[in-house]
Structure formats: structure tokens, C-alpha cells
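Asker: The structure's right below; bear with me while I get my questions together.
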Amino acid sequence: MKKTILSLQHLLAMFGATVLVPILTGFNPSVAIFCAGIGTLIFHFCTEGKVPVFLGSSFAFIPVILAAKEAFNGDLAYAQGGIVVAGMMYVIMSFVVRVVGVEKIRKYFPAQVTGAMIAVIGLNLLPTALDMASNNMLIGCITLGIALGINKFAKGFIKQLGILIAVITGYVICLATGLVDTRTIAEASLFAIPQFTLPKFSFEAVVIVAPVVLAVFMEHVGDMTTNGAVVGKNFLQNPGLNKTLLGDGLATIVAGFLGGPANTTYGENTAVLALTKNYDPALLRRTALFAIALACIGKFGGFLQSIPTAVMGGISILLFSMITFVGCKTVKDSNCIQNKNNIVIIVAIMVIGLGTTYLSNKGIVIGIPVTESVTITGLSLAAIVGIILNRILNNKEFRNSEKEKSKILQPSIG
């Protein structure tokens, strides 16, 4: 019973974002939830069940899906084809990492880069949470306050249920005050098989959608680093970045073939891990099974969709703040700020990561053109700049590490 309740808490954390992507793009929400569950199980199989993550709908694919949809007169099947190819690119990248080696990849992602990336992920998500809570700030604050209070003062199992208790309390208050739209529950059927659709392939659609993988690769590394920092393990090393990329890629391929948006590892569920301190990967696999069942139970899906935005906004403020905290802690624990060059790198990542997002909201797009339809901006641009700056400013450390490695590899004589 305890594991079931904890898994439902993870389900609540991922639900809002996973459903929001198909709503914004036109995909079927039930298919998206189903693909999230199947994708999570595929990921856990590829990573030997070692990484406690949940895969949900990727926000990074929203603009390219909409671009492909517009290019093909609203036919999302061509966007699905692009998503399938994007997943294949992930799989190819996983084999590249396997051949080159994790260590050579990892040295490009030291704490000053990954910590700042993680913090930017959380800070970029916080405005969305605040907007959600602003629908009814009082309800949002009450929900957030309950979650914070439980996390601060409660102990044992009750503390692990802080998010679930806060959401239920917020929902009950909204129900009592007439703020819940119950029509979604009444109109939903009891049982419904998700409406799967097959992809269509076009070179134009592939060119529009697939290159976004160059951007989300950075986010994948950041998510794996965040998850590892929370759990206290190095998942880039074990089971390995190549296996996490493979799992993400295969999950995205399956989503593309079934009619769902691309999958990605979810920071919301990593934040739940940080709050509950329960890192059992089996909980996430159980959550995946619940998601698959949820996709086929219309009434339950209608209930979750009826949860007021303000309630989810209040909880999201806590979850996204935890992600930011993990990023800052990664930088602090590494003592990397003792090097002035690293401070420059951190500031550059923060300014670009937050600045480009702010400007894009004002209608000003700054980034690196990949194709006519795709521009790398925000977190991905910040990560690229951070990696390049680190390579330039800390070039001496790169050379020293290579020298030390060559000494170790040289056979001893005598």
C-alpha cells in the first residue's frame, strides 16, 4: 500500500506537464500518457532498472511539432515521422558515446557547467509554475504552504506523502468552493482504448523536427546529472550515458509510432525524489503501469484533468525550486567557484539561459540557427556556450588530465 501511494504521488507530479504538451500540439492526451508509461518501462529496461526516472512529454519538441503541423496542413502524422527519426538520432548518439567513452564526454560537463545548467532548468520553469498558481493565488499559496509545512515538520511516511496530501487538500478546498469543473469527469467514459495513429514520413518534416535532438541532448545530460545528484550516484557512469540515451531514444521512437509526443526524463519526478528521499526505481516502474492504466480509464483521467491549475501551480513552485536548489548545491559541493574562470562560465550560462528565455517571451529570438525552422535557444544555447567557454578558459586542466591519462596508460618498465 505504501509503495502504491508513493507511485501515485509520482503520477500526480508528471501528469500536468505530460498532458499539457499534447493539448498544446494537438496530440491525443490519452495516447501521450500511454506513451509516457511504455517509454518509462523501455528506459528502465535499457538502464538495467538502476535509474529512478519517469519519462513524459517533451516541451522542447513543441515548437517543431507545431511547425511540422503547419507545414502539412494540420496533419500530425508527419510530425510523428520526424519524432521517430529524432529517436533514431538519439540511438545513434548512444552508440557514439559507447565507442568514445563516458569519461571523454564527462570532462566536457564539469560541475560549473552541469550545476549551472540544472539551476537554469529550474529557474526557467518557475515562471510557468507562478503563472499556473496566479489563476487563484490563494489556493496556490495554501497548496504550497501545506507541502512546505509537511516537508518541514512531518516525519516518516507522512513526510514522503507531502505532495499528495497538499494536492488532495487543495482539490478538496476548490471542490467545496465551487472551483472544480466536474464536467470532465461526467463526460469521460469509464473505459476507452487510446486512439493510436501511425506516422507518415517526409524529408521536410524530418528536417523540421529531428534537429531539435541537438538541443535536447544537453537537457538529457542535465537531467541525468540532476537525478544522480539527488540520488547520490553517478548514472552517467553506471549504467552509463550511452544506455540512458538509448532508453530515451527507443521510448521516443515508440511514441512516434503510436501517435504521441517525444519522451524525455522528467525533472518533476526527480524533485519528488529529492523531497521524499525514496529513490527506489521500482516506484517509477509502478508509476508507469499506473500511467498505462490511466490512459485506458477515462473517468480517472477526467478526475486528474479536473485538478485546478492553481493547485498544480502551487506544487510546481516547490518542485521547480528544488531543481534550482540541486543545481546550486552541485556548484557549491564541488568548490569549483574557487577558480575565477569557473565563475565566468557559471555567469555566462545563467545570463544566456535566463536571458534568451526572457527575450523570446518578448518576441525576440536569439540563438543558433540549425535549419530554417529550428533555432537553438535558451538552455541548450547556454549549455553550448558553457561547454565552449570551459574548454577555452580551462584548457590547461584539459591538457593536464590528458597527460595524466597517458602516463597511466603507459606500461611500466623494469
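The values are calculated or read from the model by the stated rules, or taken from the named source; none is laboratory data. Nothing here was measured: the structure is a model prediction, and the numbers come from that model. Because the Cβ atoms are built from the backbone with ideal geometry, glycine has one as well, and the counts that use them run over all protein chains shown.
Asker: Restricting the search to the stretch 182-213, which residues are modelled with pLDDT of 85 or more, among the β-branched types (Val, Ile, Thr) and not in a helix (DSSP H, G or I)?
Answerer: Correct list: THR182, THR197.
Asker: Further, regarding this structure: Is it the case that MET322 is closer than 22 Å to ILE150 by Cα and either in a helix (DSSP H, G or I) or out of contact with any strand residue (DSSP E or B) (no Cβ under 8 Å at 6 or more places or on another chain) (or both)? Steps first, answer last, please.
Answerer: Details: closer than 22 Å to ILE150 by Cα: yes; either in a helix (DSSP H, G or I) or out of contact with any strand residue (DSSP E or B) (no Cβ under 8 Å at 6 or more places or on another chain) (or both): yes.
In short, yes.
Asker: Identify, by number, the condition in (1) of a type in the set (Val, Ile, Thr); (2) at pLDDT below 85; (3) surrounded by fewer than 23 Cβ atoms within 10 Å (Cβ to Cβ) that ILE323 doesn't meet.
Answerer: Unmet for ILE323, out of (1) of a type in the set (Val, Ile, Thr); (2) at pLDDT below 85; (3) surrounded by fewer than 23 Cβ atoms within 10 Å (Cβ to Cβ): (3).
Asker: Hey, another quick one. In the list ASN400, ASN390, which residue meets the criterion of being at pLDDT 65 or above and of a type in the set (S, T, N, Q)?
Answerer: Criteria check complete, one pass: ASN390.
Asker: Keeping to the stretch 170-181, report how many residues are assigned to a loop (DSSP other than H, G, I, E, B) and under 29 Å from the mean Cα position of the chain (by Cα). It would help to see each step written out before you state the result.
Answerer: Taking the stretch 170-181 first, the residues assigned to a loop (DSSP other than H, G, I, E, B) are 177-181.
With the extra rule that they be under 29 Å from the mean Cα position of the chain (by Cα), the set shrinks to 180-181.
The qualifying residues number 2.
Asker: Further question: Mind checking which residues of the stretch 10-39 are of a type in the set (Ser, Thr, Tyr) and under 9 Å from PRO194 (Cβ atoms)?
Answerer: Here is the first cut: in the stretch 10-39, the residues of a type in the set (Ser, Thr, Tyr) are 18, 25, 30.
Listed by number, the list holds a single entry, SER30.
One line per residue, one yes/no per condition, for (1) under 14 Å from HIS10 (Cα atoms); (2) modelled with pLDDT under 90; (3) within 16 Å of the chain's Cα centre (by Cα); (4) surrounded by fewer than 24 Cβ atoms within 10 Å (Cβ to Cβ):
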site: ALA215; (1), (2), (3), (4): no, yes, yes, no
site: GLY228; (1), (2), (3), (4): no, yes, yes, yes
site: GLY232; (1), (2), (3), (4): no, yes, no, yes
site: PRO239; (1), (2), (3), (4): no, no, no, yes
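Asker: Only one of (1) among the hydrophobic types (A, V, I, L, M, F, W, C); (2) more than 18 Å from the chain's Cα centre (by Cα); (3) buried (at least 22 other Cβ atoms within 10 Å of the Cβ) fails for ILE185. Which number is that?
Answerer: Looking at each condition in turn, ILE185 falls short on (3).
Asker: Output the number of residues of the stretch 121-145 satisfying the condition of being over 29 Å from VAL172 (Cβ atoms) and either in contact with a strand residue (DSSP E or B) (Cβ under 9 Å, 6 or more places away or on another chain) or surrounded by fewer than 16 Cβ atoms within 10 Å (Cβ to Cβ) (or both).
Answerer: Residues meeting the conditions: 0.
Asker: Kindly indicate the residue of the stretch 169-193 that is among the hydrophobic types (A, V, I, L, M, F, W, C) and out of contact with any helix residue (DSSP H, G or I) (no Cβ under 9 Å at 6 or more places or on another chain) and also nearest to SER306 (Cα to Cα) among those meeting that condition. Please lay out each step first, then the result.
Answerer: Initially, the stretch 169-193 is screened for residues among the hydrophobic types (A, V, I, L, M, F, W, C), giving 172-176, 179-180, 185-186, 188, 190-193.
If we keep only those that are out of contact with any helix residue (DSSP H, G or I) (no Cβ under 9 Å at 6 or more places or on another chain) too, we end up with 172, 175-176.
Working: VAL172: 12, LEU175: 10, ALA176: 14 Å.
In this case the residue turns out to be LEU175.
Asker: Same structure, new question: Among (1) farther than 30 Å from MET117 by Cβ; (2) free of Cβ contacts under 8 Å to residues at least 60 places away in the same chain, which single condition is ILE150 missing?
Answerer: (1)
Asker: When ARG285 is evaluated against the numbered criteria (1) assigned to a helix (DSSP H, G or I); (2) surrounded by fewer than 18 Cβ atoms within 10 Å (Cβ to Cβ), which criterion, by number, is the only one it fails?
Answerer: (2)
Asker: Please give the number of the condition THR128 fails out of (1) modelled with pLDDT of 80 or more; (2) outside any loop (DSSP other than H, G, I, E, B).
Answerer: Condition not satisfied by THR128: (1).
Asker: Let me ask you something else. Might you let me know whether the stretch 300-314 holds any residue that is surrounded by fewer than 23 Cβ atoms within 10 Å (Cβ to Cβ) and hydroxyl-bearing (Ser, Thr, Tyr)?
Answerer: Yes.
Asker: Kindly indicate which of THR264, THR252, THR270, THR244 is within 20 Å of ILE163 (Cα to Cα) and either in contact (Cβ under 8 Å) with a residue 24 or more places away in the chain or among the basic types (Lys, Arg) (or both). Please lay out each step first, then the result.
Answerer: On the way: THR264 fails: within 20 Å of ILE163 (Cα to Cα); THR252 fails: within 20 Å of ILE163 (Cα to Cα); THR244 fails: within 20 Å of ILE163 (Cα to Cα).
Result of the check over THR264, THR252, THR270, THR244: THR270.
Asker: Could you grab me the full set of residues in the stretch 319-339 that are aliphatic (A, V, I, L, M) and within 16 Å of the chain's Cα centre (by Cα)?
Answerer: LEU319, MET322, ILE323, VAL326 - these are the residues of the stretch 319-339 that are aliphatic (A, V, I, L, M) and within 16 Å of the chain's Cα centre (by Cα).
Asker: Taking ILE292 as meeting all but one of (1) among the β-branched types (Val, Ile, Thr); (2) under 18 Å from THR4 (Cα atoms); (3) buried (at least 24 other Cβ atoms within 10 Å of the Cβ), write down the number of the exception.
Answerer: (3)
Asker: Tell me, please, whether a residue that is among the hydroxyl-bearing types (Ser, Thr, Tyr), surrounded by fewer than 21 Cβ atoms within 10 Å (Cβ to Cβ) and more than 22 Å from the chain's Cα centre (by Cα) can be found in the stretch 151-169. First the steps, then the outcome.
Answerer: Within the stretch 151-169, the subset among the hydroxyl-bearing types (Ser, Thr, Tyr) is 169.
From the residues that got through so far, the ones that are surrounded by fewer than 21 Cβ atoms within 10 Å (Cβ to Cβ) too are 169.
Those still in the list that are more than 22 Å from the chain's Cα centre (by Cα) too: 169.
Yes: one or more hits.
Asker: Considering only helices (runs of 4 or more DSSP H) fully contained in the stretch 1-120, which possess at least 3 residues that are surrounded by 19 or more Cβ atoms within 10 Å (Cβ to Cβ) and touching a strand residue (DSSP E or B) at 6+ places or on another chain (Cβ under 6 Å)? Explain how you work it out, then say what you get.
Answerer: Numbers: elements: 2-25, 29-46, 62-71, 76-100, 102-106.
Those helices (runs of 4 or more DSSP H) span 2-25, 29-46.
Asker: Additional query: Please state which one of VAL180, VAL167 is closer than 21 Å to LEU294 by Cβ and touching a Leu at 6+ places or on another chain (Cβ under 6 Å). Steps first, please.
Answerer: Working: VAL180 fails: touching a Leu at 6+ places or on another chain (Cβ under 6 Å).
Just a single option satisfies the conditions, and that option is VAL167.
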